[in-house]
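Written out below as structure tokens is the structure these notes cover.
What follows is calculated from the coordinates using simple rules that are stated; it is not laboratory data. Nothing here was measured: the structure is a model prediction, and the numbers come from that model. Quick reminder, even Gly has a Cβ in these numbers, built from the backbone with ideal geometry, and neighbours come from all protein chains shown.
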Amino acid sequence: MKIAIAAGTRPEFIQVEPIIRELTRKGVGTIFIHSGQHYDYEMDKIFFDEMHMPDPSHYLGIGSKLAGEQIGEMITKSERILRSEKPDMLLVTGDTNTALGVALAANKAKIKVGHFEAGMRSFDRTMPEEINRIIIDNISDALFSPTQRGVDNLHNTGICNNVFLVGDVMLDSIIHYRNLIKTPPRILPELSLGNSPYILLTLHREANTDDPIRLKNILDAVSALPLPVIFTVHPRTKQRIQDFFLTLPENVHPIPPQGYFEFLRLLSHAQKLLTDSGGAQKQAFFLSKPCITLRPNTEWVETIEDGWNILVDDNSEMIIEAATTFDPKNLPNLALFGDGGSSERIIDTALSLL
Ligand code: UD1
């Protein structure tokens with residue numbers, strides 16, 4: 001029995017790690033395809049080093065390109081690998097160009113595709129990720145959904161076979177590494193904030209970074225926040241801030257992209273999170289941190305319904321109001337995302353289908 005797994009971006013490395021750990025624990029042959037979609041040390045290798053992940057079996061070296069070119073190369077290069085390795089199933093996660101390209105290649109090579117984080121929808125077709133998710137779900141042979149809403153979304157679009165509610169592998173990961181993220185963030189002394197509370201900011205969705213008006217609106221609102229803001233700057237955002245001749249407000253402390261553990265330490269010690277990231281919204285929920293989401297919609301509706309996440313889009317008044325007053329009182333209902341055993345459930349189910 002051989003299972004292939006593909007990843008190429010920061011959020012995918014975080015999500016495939018518990019799956020690879022589980023495959024290793026069960027002694028299942030694993031072929032790990034790294035697309036090279038992310039390649040900077042801070043966006044790629046650091047996660048392998050920190051979590052002691054095995055080296056990829058195949059590295060496609062795709063890099064930054066126009067989306068179509070990127071997906072085209074993914075298909076061409078990974079189809080050859082999949083045809084020669086002949087795995088029994090390919091696993092992909094989420095909604096990246098890597099997941100889409102390699103899943104399409106597997107489909108053409110007549111290899112079963114298992115999609116975890118299946119069924120998630122923002123219902124916003126202007127998001128490239130939404131289109132990727134829809135296509136991947138539609139060509140998958142096994143659909144592992146983290147939440148009941150994901151299952152419902154799939155059923156509502158007529159995808160009913162081999163849909164499994166498994167919980168979220170990102171919760172597995174946080175539980176597994178909980179001891180490593182308890183300590184204070186190592187970067188704090190460098191930022192000279194003393195013991196001041198702070199807001200953590202991440203910002204990288206194309207809709208926010210590639211539109212100078214939205215990007216400026218968000219930075220202007222951040223400048224009016226009552227607390228220092230620690231900003232882990234994604235490479236694309238850094239580039240766009242330069243391209244649009246924008247300057248960061250004085251209360252913003254920019255830092256390079258952080259490793260997984262340091263990011264979670266920063267989040268654990270923050271007063272609130274301001275973000276447009278998918279994964280970080282969930283991690284804030286898992287760590288009981290109020291999340292203010294810089295988007296008009298989200299796939300993680302449960303975090304909103306449970307009172308721990310609020311959508312503010314790029315609206316300055318809403319951003320400032322939420323940063324000042326948003327203060328959930330109940331404990332987050334983590335069971336909405338499973339119990340920390342999702343990776344095991346995914347692998348057990350995948351093996352039972354083969
Ligand atoms: C991704 C995926 C998507 C999935 C989502 C949630 C894309 C386009 N989408 O988006 O498959 O729906 O995850 O599961 O990639 N982090 C660091 N250091 C930092 C900042 C963040 O380690 O400085 C980590 C955090 O743990 C965070 C993770 O990176 O959760 C997410 O990466 P991010 O680049 O924000 O991608 P997502 O928007 O989460």
request  = Project the alpha carbons of region 182-336 onto their principal axes and report the range along each, largest first, in whole Å.
outcome  = 44, 35, 26
key: Alpha-carbon centroids, region 79-132 and region 63-77: separation in whole Å   = 14 Å
remark   = Taking only the alpha-carbon positions of the chain as identical scatterers, the Debye log10 I(q)/I(0) at q = 0.07, 0.11, 0.12 Å⁻¹ comes out as -0.28, -0.71, -0.86
query = Highest mean first, what order results for 273-281, 193-201 on Cβ atoms within 10 Å?
reply = 273-281, 193-201
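Between N162 and T349, what length in nm is gained on full extension when 0.36 nm per residue of separation is reduced by their alpha carbon distance? Intermediate results must be reported in sequence, preceding the final value.
On the way: separation 187, 0.36 × 187 = 67.32 nm, distance 0.95 nm.
Going from the current span to full extension adds 66.4 nm.
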query = Among the DSSP beta bridges whose two residues both lie in the chain, what percent are antiparallel, rounded to the nearest 5?
reply = 0 percent
request  = Rounded to the nearest Å, what's the spacing between the alpha carbon centres of region 267-317 and region 193-255? Just the number, please.
outcome  = 16 Å
remark   = Of all DSSP beta bridges with both partners in region 182-336, the antiparallel percent, nearest 5, is 0 percent
ask   = Within region 182-336, how many lysine pairs that are 8 or more places apart, or on different chains, have C-alpha atoms less than 27 Å apart?
value = 16
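I need H234, H34 ordered by Cβ neighbour count within 10 Å, fewest first. Each step should come with its number before you reach the end.
Numbers: H234 21, H34 26.
Fewest to most other Cβ atoms nearby, the residues stand as H234, H34.
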ask   = Using 0.36 nm per residue, how much length does the chain from L246 to T324 gain when fully extended, once their Cα-Cα distance is taken away?
value = 25.6 nm
inquiry  = Past the 22 angstrom mark, what percentage of all C-alpha to C-alpha distances in region 107-186 do you count?
reply    = 36 percent
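Given the peptides 17-24, 41-48, 107-114, arrange them by the average over their residues of other C-beta atoms within 10 Å, most packed first. Could you put the intermediate results ahead of the total?
On the way: 17-24: 21.8, 41-48: 16.6, 107-114: 19.2.
In decreasing order of mean packing, 17-24, 41-48, 107-114 become 17-24, 107-114, 41-48.
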By average C-beta atoms within 10 angstrom, highest first, the peptides 73-80, 207-214, 167-174, 221-228 = 167-174, 73-80, 221-228, 207-214
inquiry  = If each DSSP helix of 4+ residues adds -39,500 (n - 2.57) and the sum is divided by the residues in the chain, what number results at 222 nm, nearest 500 deg cm²/dmol?
reply    = -13000 deg cm²/dmol
message = Which one, V92, A284, H253, is farthest towards the positive end of the dipole of the chain when Lys and Arg carry +1 and Asp and Glu -1 on their Cβ?
response = V92
